[in-house]
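First the structure, in the form of structure tokens, and then the observations on it.
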Amino acid sequence: MNRNAAFGAGALLGAAAALVWDRRSRLQPAPEARQRELREKLAQAKRAPVDEDDFGAAGMGAETLIEEDAAPPRPPAPPPPPPEARQAPPRPDPGPPPADEFEAMRRRIHEEGKVAAEEMRKAPEEAS
């Protein structure tokens with residue numbers, strides 16, 4: 001008898017949950033309608049003139065407004081130095097010969113990683 005009551009209560013809760021779920025899905029707008037509404041809102045915001053008083057009232061008066069079209073062109077970056085002009089860092093002493101091919105491969109990959117890291121550290125200095 002107790003098992004039948006539990007089954008009945010579970011069925012009632014499941015039916016109530018299904019009704020609530022169905023009602024919520026009907027109340028939410030369709031995704032296409034929501035997307036269209038947001039696109040219209042964005043287009044309207046882009047067409048609206050910028051009022052700097054609104055920014056001052058919102059506490060953002062010290063921020064500078066930048067127009068996307070008014071950006072000055074950037075001067076071209078200087079060409080990188082030729083490869084022969086760059087000097088490779090001195091290689092550390094390799095130590096004793098590796099015991100097997102896996103150790104040799106590990107050492108080679110480790111050395112390549114060190115060289116790559118060194119190049120990345122020097123890149124910002126050369127660009128300045």
Subset tally (residues that are modelled with pLDDT under 75 and open to solvent by less than 100 Å² (accessible area, probe 1.4 Å)) for segment 30-53: 3
Unique residue being modelled with pLDDT of 85 or more, within 30 Å of VAL115 (Cα to Cα) and either of a type outside the set (Ser, Thr, Tyr) or not in a loop (DSSP other than H, G, I, E, B) (or both) when the list is PHE7, PHE102: PHE102
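The values are calculated or read from the model by the stated rules, or taken from the named source; none is laboratory data. Source: prediction; values computed, not measured. The accessibility values were calculated without ligands, DNA or RNA, using every heavy atom of the protein model including side chains. Shrake-Rupley method; radii C 1.70, N 1.55, O 1.52, S 1.80 Å.
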